[in-house]
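Scroll down for the structure; my scribbles are underneath it.
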Amino acid sequence: MKKDPYKTLSRYYDSFVEPSNKVLRKILYRLYPPEQGMHVLEVGCGTGTNLQIYHNAGCEIFGIDLSPSMLAQARDKLPGNSNLSVGDASNMHYESDQFDIVIGMLTLHEMAGKIRTPVFAEMKRVVKSNGRILLVDFHPGPIEFPKGWISKFVISFFELTAGFTHFINYRSFLKAEGLQTLIRSQNLIIEKEKIVSGGNIALYVTKLPEYDIQLSSKNSDRIVTAHEMRNTP
Ligand SMILES: C[S@@+](CC[C@H](N)C(=O)[O-])C[C@H]1O[C@@H](n2cnc3c(N)ncnc32)[C@H](O)[C@@H]1O
């Protein structure tokens, strides 16, 4: 296995990033509140802070992450029966159509360009057809002045501190229009969108297209679902 880029950082990760990430987690939770018993997977779950929130809400939690040291932090935080795996999200061992919620938070931007689409396709494969993919990541803007410019400076500082490769991947993610390109590439439907941090961070609730084909006929604005269409002779 390759060197773990979070080997040293993992111990300080929560104290470093949680002051700013806490609010993002709250917004995401409110955008799509979970129900008790839901199966929730976080791709790139890191130290498990999101999973802890969904566990407290009565969900069954699953996390996958490339970094053994980040997962070690998650294991300290989460109950012993949590389903945590070291692995690459571009090739997950989960069965298809399994999760009510699949989360990707501040993870896709740090992957090399060629791996983002396969990871996203995997997220789409494992989510239930009536489930949701919740996404949070950096956004290319437009950036508001002055708030957005200050945030951009702080974000760039953190991304540089995380290492050269990390920074290059972050830059290429923004150049490729961030999450929007990935959402389009998998034909997902954006149900809710929120742009924060002066235009630097985007949060999305997305769903699969086949359960939301909405046809407005010429004479009526009645909504025909894909299910109805399949059952119509
Ligand atoms: C910035 S951390 C975010 C962690 C967590 N999502 C959170 O909100 O705190 C990004 C995580 O993505 C993981 N990651 C990066 N590439 C990955 C891949 N290909 N498969 C699985 N995890 C990956 C990293 O190891 C790291 O723990």
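Take Ser82 and tell me if it is under 22 Å from Pro209 (Cα atoms), touching a residue at least 24 places away in the same chain (Cβ under 8 Å) and hydroxyl-bearing (Ser, Thr, Tyr).
It is false that Ser82 is under 22 Å from Pro209 (Cα atoms), touching a residue at least 24 places away in the same chain (Cβ under 8 Å) and hydroxyl-bearing (Ser, Thr, Tyr).
Consider only pairs whose beta carbons are under 8 Å apart and that are at least six residues apart or on different chains; among these, list those whose first residue lies in the range 140-153 and is farther than 11 Å from Val196 by Cα and whose second residue is part of a loop (DSSP other than H, G, I, E, B).
Partner pairs satisfying both residue conditions: Pro140/Glu177; Trp149/Ile143; Lys152/Ile143; Lys152/Asn200.
How many residues, within the range 44-77, are under 17 Å from the mean Cα position of the chain (by Cα) and of a type in the set (S, T, N, Q)?
5
Within the range 30-131, which strands (runs of 3 or more DSSP E) (wholly inside it) include 1 or more residues that are closer than 20 Å to Leu179 by Cβ? Walk me through how you get there before you give the answer.
On the way: elements: 39-43, 60-65, 83-86, 99-105.
Answer list for the range 30-131: 39-43, 60-65, 99-105.
Give me the residue from the range 89-115 that is more than 9 Å from the ligand (Cβ to nearest atom) and surrounded by 17 or more Cβ atoms within 10 Å (Cβ to Cβ) and, out of that set, nearest to the chain's Cα centre (by Cα).
Within the range 89-115, the match that is nearest to the chain's Cα centre (by Cα) is Val102.
Do any residues in the range 155-169 that are closer than 19 Å to Pro140 by Cα have Cβ atoms under 7 Å from those of residues that are of a type in the set (Asp, Glu) and within 12 Å of the ligand (Cβ to nearest atom), where the two are at least six apart or on different chains, and which pairs are they?
Matching pairs, first to second residue: His166/Glu110; His166/Glu159; Phe167/Glu159; Asn169/Glu110.
So, in the range 141-164, exactly how many residues are over 21 Å from the mean Cα position of the chain (by Cα) and acidic (Asp, Glu)?
So the count comes out to 1.
So which pairs qualify, if the first residue must be in the range 1-23 and farther than 18 Å from Gln52 by Cα, the second must be away from the ligand (no atom under 11 Å from the Cβ) and assigned to a loop (DSSP other than H, G, I, E, B), the Cβ gap must be under 7 Å, and the two must be at least 6 apart or on different chains?
So the pair list comes out as Pro5/Gly163.
Going through Ser129, Ser96, Ser90 one at a time, which residue ends up being closer than 21 Å to Thr206 by Cα, in contact (Cβ under 8 Å) with a residue 60 or more places away in the chain and not charged (D, E, K, R)?
Values: Ser96 fails: in contact (Cβ under 8 Å) with a residue 60 or more places away in the chain; Ser90 fails: in contact (Cβ under 8 Å) with a residue 60 or more places away in the chain.
Matching residue, one of Ser129, Ser96, Ser90: Ser129.
Select from the range 132-173 the residues that are charged (D, E, K, R) and either part of a loop (DSSP other than H, G, I, E, B) or within 15 Å of the ligand (Cβ to nearest atom) (or both) and list them in ascending order. Give the steps one after another, and end with the answer.
Narrowing the range 132-173 to residues charged (D, E, K, R): 132, 137, 144, 147, 152, 159, 171.
Matches in the range 132-173: Asp137, Glu144, Glu159.
Laboratory data are not the source of any read-out in this text; all were calculated from the coordinates shown. The structure presented is a predicted model; accordingly, all values stated were derived computationally and were not measured. So basically every Cβ, Gly included, is an ideal-geometry build from the backbone, and we count neighbours across all protein chains shown.
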